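*Asks:* Let me begin by handing over the structure; questions about it come next.
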Amino acid sequence: MSSTFPALSATPAHTEPLARRTSLRLSATLLLVGQLLYIVVTQFHAAGDANNHSAVFAEYAGSGIWTTVHLGQFAGMAIFLAGLLALFFALDVQAGTARWAGRFGAASAVATLALYGVLQAVDGVALKQAVNAWASAPDAEKAAHFASAEAIRWLEWGVRSYQNFALGLALLLLAAAVMQTAWLPRPLAHLMGLSGLTYLVQGWVVGSAGFSQTETIAIVLAFVLDVAWMIWLVVVAWRIQDSQAPSPGR
């Protein structure tokens with residue numbers, strides 16, 4: 001018995017499932033919490049036709065919770081992307097195309113966070129200051145201030161477009177890695193991939209037409225798909241049997 005006891009407790013096959021289960025639960029929790037936080041906070045964003053600049057800029061200037069909302073959105077996105085990185089580590093793919101898909105997906109998630117930080121600096125800070133200056137400017141100066149606010153708005157389009165492309169790519173690549181993982185359901189990867197495609201659509205639409213109705217539809221579809229596959233991942237993560245871990249007696 002003394003010769004078999006150490007082997008059972010030290011064998012990687014017995015320790016890896018426990019670490020994998022913990023990482024997967026962390027990933028699933030971060031993903032769902034981050035996405036739900038983002039959705040809830042976004043409901044408090046100043047409303048209006050985002051492409052009707054004269055009307056919507058007045059709404060933005062009158063918003064007293066602008067900074068809080070955008071900080072909340074950044075927090076939600078950061079938690080969401082931390083969940084994607086945790087998923088990469090939970091998958092722990094070591095060979096083949098799945099390994100490279102996972103690595104590039106994780107790198108794209110990091111790039112997404114950097115781009116989102118720039119986006120919130122442009123939208124949450126620069127645009128707010130510009131519309132405030134336009135709203136309070138004398139009539140003779142309003143046209144110049146309005147032009148400045150529009151220029152910042154168009155910069156926001158550009159950053160948002162590339163942030164959406166990066167997020168869509170991250171989801172598609174990590175979905176490809178999940179497809180090669182036998183212990184996660186393939187349909188879950190399909191939902192992840194569809195979600196990634198909706199972000200690519202958003203990136204294209206924002207870059208070419210701004211915050212149009214088409215982009216709004218793509219956002220809502222992305223939210224629905226995200227919540228669906230994230231809830232599924234939570235269920236899978238928490239239903240992994242404890243028997244996969246080393247038993248207390250060993």
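*Asks:* With a/c under 1.5 counting as rounded, go ahead and sort region 91-216 into rounded, prolate or oblate using the C-alpha gyration tensor (a ≥ b ≥ c being the square roots of the eigenvalues; past the cut-off, prolate if a/b is larger than b/c, else oblate).
*Replies:* Prolate shape, in that a/c is at least 1.5 and a/b is the bigger ratio.
*Asks:* Sticking with this structure for a sec: Report ³J(HN,Hα) in whole Hz for each residue of region 49-58, in order, from the Karplus equation J = 6.51 cos²θ - 1.76 cosθ + 1.60 where θ = phi - 60°; Gly and Pro get x.
*Replies:* Once rounded to whole Hz, the list reads 5, 5, 8, 8, 5, 4, 6, 6, 5, 5.
*Asks:* Another one. Is the shape of region 21-167 best called rounded, prolate or oblate, per the rule: a/c under 1.5 gives rounded, else a/b larger than b/c gives prolate, else oblate, with a ≥ b ≥ c the square roots of the Cα gyration tensor eigenvalues?
*Replies:* Prolate, since a/c reaches 1.5 and a/b exceeds b/c.
*Asks:* Could you tell me the relative contact order of the chain? Use alpha-carbon pairs under 8 Å, at least six residues apart, and round to a whole percent.
*Replies:* Relative contact order, the chain: 25 percent.
*Asks:* Here's something else I'd like to know. The list [x] 32, 20, 16; [y] 37, 24, 17; [z] 44, 17, 14 gives values of semi-axes √(5λ) of the Cα gyration tensor in Å, and only one came from this structure; which label was calculated from it?
*Replies:* Only one option fits the structure, namely [z].
*Asks:* Per-residue HN-Hα couplings for region 39-44, Karplus 6.51 cos²θ - 1.76 cosθ + 1.60 at θ = phi - 60°, whole Hz, x for Gly and Pro?
*Replies:* Whole-Hz 3J(HN,Hα) from phi for region 39-44: 4, 5, 4, 4, 5, 8.
*Asks:* Would you work out if region 69-150 is rounded, prolate or oblate? Take a ≥ b ≥ c from the square roots of the eigenvalues of the alpha-carbon gyration tensor; rounded if a/c is under 1.5, else prolate when a/b is larger than b/c, oblate otherwise.
*Replies:* Prolate shape, in that a/c is at least 1.5 and a/b is the bigger ratio.
*Asks:* While we're looking at this one, here's another question. Helix 66-91 versus the longest principal axis of the chain: what angle, 0 to 90°, nearest 10, using Cα atoms?
*Replies:* With rounding to tens, the tilt is 30 degrees.
*Asks:* Rounded to the nearest Å, what's the spacing between the alpha carbon centres of region 202-217 and region 45-120? Just the number, please.
*Replies:* When both Cα centres are located, 16 Å separates them.
*Asks:* I'd like the Karplus ³J(HN,Hα) series for region 225-230: coefficients 6.51, -1.76, 1.60, θ = phi - 60°, whole numbers in Hz, and an x wherever there's a Gly or Pro.
*Replies:* So the Karplus estimates, Gly and Pro as x, are 5, 4, 4, 5, 6, 6 Hz.
Coordinate-derived values only; no laboratory data. What you see is a predicted model; the values in this text were computed from it and never measured.
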